[in-house]
Amino acid sequence: MVKAFSLFSGGLDSLLAARVVMEQGVDVTALHFITPFFGYKNKGKEAEAAEDFKEKYGLSVRIIDVSPEYIEMARNPVYGYGKNFNPCLDCKIFMMKKARGLMLEEGADFIISGEVLGQRPMSQRRDAMSIVERDSGIKGFLLRPLCAKLMPPTIPEEKGLIDREKLYAFSGRSRKGQMALAERFGIKDYATPAGGCMLTDPILSKRIQELLYKKEGEVEARDIQFLTVGRFFKFPGGSLHVGRNEKDNEKLLALSGDREVIIMARDVPGPMSVFRGEPSEGEIELAARITARYADNKGLDSVAINISYGQETRTIDVRPAPVSLVEELQAG
C-alpha cells in the first residue's frame with residue numbers, strides 16, 4: 001500500500017490536504033508537531049488528542065513534541081523573522097526535515113503539506129516554497145494537494161501513486177474553495193485560519209524574543225509557557241506573573257517548582273502570583289503589594305501575604321500597591 005506522512009497543524013488546509021490524498025486510497029499518518037509556541041495544550045494528553053482528531057476528522061494523528069530543537073531554531077533562524085518574531089520559512093524547513101526523517105525511517109512514499117500558493121506572504125510564495133523543498137532535502141517528494149495543479153508534478157504523481165487530476169489549484173488568500181471542499185467531506189468543526197502560533201502575537205512575541213535573546217543557556221518549554229499566563233511584570237531580579245482568574249492560578253501552580261516564589265493573600269480571596277528569578281527583599285515586598293492590589297482586599301489598609309519558597313512559608317503585611325504603580329510596572 002502507498003504510504004505518506006502529512007504535516008497537520010490542526011487547521012483546515014492541512015486537514016483537507018490529508019483527506020484529499022486519503023480519498024485516493026493512500027495510507028496517511030498525520031504528524032502534529034508541538035512546541036511551547038503552538039499545540040502545547042496537547043502535551044501530556046497526546047493519546048486523548050489523537051483520539052479526538054480521529055473521531056472528528058477520521059485522521060490518524062501522531063503527536064510529537066519537538067520543543068528543545070525548535071526553540072534553538074527560533075533563536076537564530078537562517079531566513080529571519082516575519083512581522084513579529086515568527087521564523088515562518090525556517091519553521092517550514094524544520095518541520096519538513098522532521099517529516100523527511102520519518103519518511104526514510106519508516107519507508108513512506110512521500111510527504112503531504114496543506115500549503116496554498118500565495119496564501120501567506122512569507123512562506124507560501126513560489127520561491128519560498130522552492131526553498132523549503134531544497135533546504136529540507138525533500139525536493140520532488142513533497143505533495144501539496146490543494147495547489148498541486150499550479151506546481152510542477154511531483155515524483156509520486158509521475159510514478160502514478162497519485163492521480164494529479166484529482167488534486168486542486170487553489171491559490172491566494174480566499175478560503176471559498178477550501179470551505180466548499182470541507183463541506184463535501186462533511187467537515188464542519190475546524191480551526192480558524194489565524195494559525196494559533198504565539199510567535200505572531202505582537203505582545204507575546206516581544207516577551208519571547210527578550211527571553212530567548214537575554215537568557216544564557218538552555219531555554220525550557222516552561223520558561224515560555226510562563227510568559228503566556230496572567231499579568232506580567234518585569235523586575236531587575238526577574239519576572240512576576242499574577243493570575244487573572246482561577247484558571248490562571250491553576251496553570252501557574254502547575255508550572256511552578258522549587259525555584260519559584262509563590263505569593264498569595266492569606267485571609268482574603270485573590271490571585272496566585274509567581275516570582276521567577278532572584279528577587280531582592282524589596283522586590284518580594286513590591287510583588288506582595290501588587291498581589292494585594294488584585295486581591296479582594298475590601299479596602300483594607302494592609303493585607304497579610306504568604307510568601308512561599310521551597311518548603312518555607314512566611315507572612316508579611318503590606319499595603320496594596322496603588323493603581324498608578326501597578327500600571328507603571330506592568331509589562332506589555
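The values are calculated or read from the model by the stated rules, or taken from the named source; none is laboratory data. Remember, predicted model here, so these are calculated numbers, not experimental data. Ideal geometry is used to build each Cβ from the backbone, glycine not excepted, and the neighbour counts take in all protein chains shown.
Any chance you could count how many residues in the stretch 180-195 are touching a residue at least 24 places away in the same chain (Cβ under 8 Å) and not β-branched (Val, Ile, Thr)?
So the count comes out to 8.
Taking the stretch 155-192 as the search range and keeping residues that are part of a loop (DSSP other than H, G, I, E, B) and touching a helix residue (DSSP H, G or I) at 6+ places or on another chain (Cβ under 7 Å), which one is nearest to PHE85 (Cα to Cα)?
Filtering the stretch 155-192 for residues part of a loop (DSSP other than H, G, I, E, B) gives 159-163, 167-170, 172-175, 186-190, 192.
Now narrow it down to the ones that are touching a helix residue (DSSP H, G or I) at 6+ places or on another chain (Cβ under 7 Å): 162, 167-170, 187, 189-190.
Numbers: ILE162: 37, LEU167: 34, TYR168: 32, ALA169: 31, PHE170: 28, ILE187: 32, ASP189: 29, TYR190: 26 Å.
Among those residues, the one meeting the criterion is TYR190.
Of all the residues that make up the stretch 222-253, how many are assigned to a helix (DSSP H, G or I), surrounded by 15 or more Cβ atoms within 10 Å (Cβ to Cβ) and among the aliphatic types (A, V, I, L, M)?
Here the count works out to 2.
Condition (residue is of a type in the set (S, T, N, Q) and in a strand (DSSP E or B)) applied to the stretch 280-291: is it met by at least one residue?
For the stretch 280-291, residues of a type in the set (S, T, N, Q) and in a strand (DSSP E or B): absent.
Here are some residues: GLY58, GLY82, GLY137, GLY107. Which one is among the small types (Gly, Ala, Ser), assigned by TED's automatic domain parsing to the domain that holds ALA30 and closer than 23 Å to ALA182 by Cβ? Don't jump to the end; show me each part of the working.
Numbers: GLY82 fails: closer than 23 Å to ALA182 by Cβ; GLY137 fails: closer than 23 Å to ALA182 by Cβ; GLY107 fails: closer than 23 Å to ALA182 by Cβ.
Sole residue among the options that is among the small types (Gly, Ala, Ser), assigned by TED's automatic domain parsing to the domain that holds ALA30 and closer than 23 Å to ALA182 by Cβ: GLY58.
Might you let me know whether the stretch 120-129 holds any residue that is in contact with a Ser or Thr (Cβ under 8 Å, 6 or more places away or on another chain), part of a helix (DSSP H, G or I), modelled with pLDDT under 95 and in the same structural domain as SER171 (by TED's automatic domain parsing)? Full working, then the answer.
Filtering the stretch 120-129 down to residues in contact with a Ser or Thr (Cβ under 8 Å, 6 or more places away or on another chain) leaves 129.
Still in the running and part of a helix (DSSP H, G or I): 129.
Of the ones still in play, those that are also modelled with pLDDT under 95 are 129.
Remaining after also requiring in the same structural domain as SER171 (by TED's automatic domain parsing): 129.
Yes; the residues of the stretch 120-129 include at least one that is in contact with a Ser or Thr (Cβ under 8 Å, 6 or more places away or on another chain), part of a helix (DSSP H, G or I), modelled with pLDDT under 95 and in the same structural domain as SER171 (by TED's automatic domain parsing).
Given the structure, is GLY137 surrounded by 17 or more Cβ atoms within 10 Å (Cβ to Cβ) and either of a type in the set (Ser, Thr, Tyr) or under 23 Å from GLY80 (Cα atoms) (or both)?
When the stated conditions are applied, GLY137 does not pass them.
Have a look at VAL268, VAL219 and point out the one that is touching a residue at least 60 places away in the same chain (Cβ under 8 Å) and in a loop (DSSP other than H, G, I, E, B).
VAL219 is the lone residue from the list that is touching a residue at least 60 places away in the same chain (Cβ under 8 Å) and in a loop (DSSP other than H, G, I, E, B).
Of all residues in the stretch 68-97, count the ones that are surrounded by fewer than 20 Cβ atoms within 10 Å (Cβ to Cβ) and either of a type in the set (Val, Ile, Thr) or in a helix (DSSP H, G or I) (or both).
7
A quick yes/no check of all residues on (1) under 24 Å from PHE141 (Cβ atoms); (2) out of contact with any helix residue (DSSP H, G or I) (no Cβ under 7 Å at 6 or more places or on another chain); (3) not aliphatic (A, V, I, L, M):
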| residue | (1), (2), (3) |
| --- | --- |
| LYS3 | yes, yes, yes |
| MET22 | yes, yes, no |
| GLU51 | no, yes, yes |
| LEU59 | yes, no, no |
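I need a count of the residues in the stretch 106-130 that are more than 16 Å from LEU150 (Cβ to Cβ) and surrounded by fewer than 17 Cβ atoms within 10 Å (Cβ to Cβ).
3
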